[in-house]
1. A182 to S99: FRET efficiency via 1/(1 + (r/R0)^6), r the Cβ-Cβ distance, R0 30 Å, to the nearest 0.05?
2. Within a Cβ distance under 13 Å of P35, other residues only, what is the Lys/Arg minus Asp/Glu net charge?
3. What is the distance, in nm, between label points placed 7 Å from the Cα along the Cα-to-Cβ direction at N45 and at N73?
4. In deg cm²/dmol, rounded to 500, what helix-only [θ] at 222 nm does the chain give when every DSSP H run of at least 4 residues adds -39500 (n - 2.57) and the total is split over its residues?
5. Would you list which lysines come within 23 Å of K152, measuring only between C-alpha atoms, while excluding same-chain residues fewer than 8 positions from it?
6. Between S116 and N24, what is the FRET efficiency for a Förster distance of 45 Å, r being their Cβ-Cβ separation, to the nearest 0.05?
7. Compute the Cα gyration tensor for segment 52-141, then decide on rounded, prolate or oblate, letting a ≥ b ≥ c be the square roots of its eigenvalues: rounded whenever a/c is under 1.5, prolate when a/b is larger than b/c in the other cases, and oblate in all that remain.
8. So between R86 and N14, what do we pick up on full extension, going 0.36 nm a residue minus the alpha carbon distance?
Amino acid sequence: MSDIISQAIAQLKNGGIVILTGDNFRHGDIDFIAPAKNITADSINFMAKHGRGLICLGMTPSRAGFLNIGHINDGDERYSGRPHGRSIEAKEGVETGISAADRAQTILVAANENSSADDLVSPGHVFPLIAHAQGLSARNGALEAAIALCQKAEMGDMAVLCSIMRDDGSMARATDMAEFAAEHGLPIIDISQLKG
């Protein structure tokens, strides 16, 4: 196992955030990722403040099926190719649903092995992404890579992702992140390193 993968796994095991690059489907967009099973309000707030993109909950098709979360659009007509499921909210333990604490609560409920579809309502403020059933071997995306990393870290099979934007609102690139990553102690890993 390479040093950078080991660093990323250690970061995730400690409840930290990793920067993920190399998504083949999003023209160089990059993401913060963290394990869903122990997400905190602080991590959600960090992603919202520094990532600025949509905060999503990545999950396997089997977990999505168990929670009764289907794709927003199962057909080909007017389909963007983005594997979004219907938005969710925890049935209990949230107020408006949009605060960092409320979104963390929804994610924790969805990631809890003892939860069921009855513990969630829709629509909500957390946006599921449903991975390809064959993972990275079939789809070279940040979603599949985030889940694979969480699995390698023995942190479950659900991941929180947030795309990263620059201060001016344009999408950040890997070359933008070295100083930020060093300042915050975040490993940067490319999807290709997971497949190598």
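Just so you know, all these numbers are worked out from the coordinates, no wet-lab data involved. None of these values were measured; they are calculated from a predicted model. Note that each Cβ is placed from the backbone with ideal geometry, even for glycine, and that neighbours are counted across all protein chains shown.
1. Numbers: r = 30 Å, r/R0 = 0.99.
E(calc), rounded to 0.05, equals 0.50.
2. Here the charged neighbours net out to +1.
3. Those two pseudo-labels are separated by 3.6 nm.
4. Rounded to the nearest 500, the figure is -8000 deg cm²/dmol.
5. Partners within reach: K13, K37, K195.
6. 0.85
7. Verdict is prolate for segment 52-141.
8. Full extension from R86 to N14 adds 23.0 nm.
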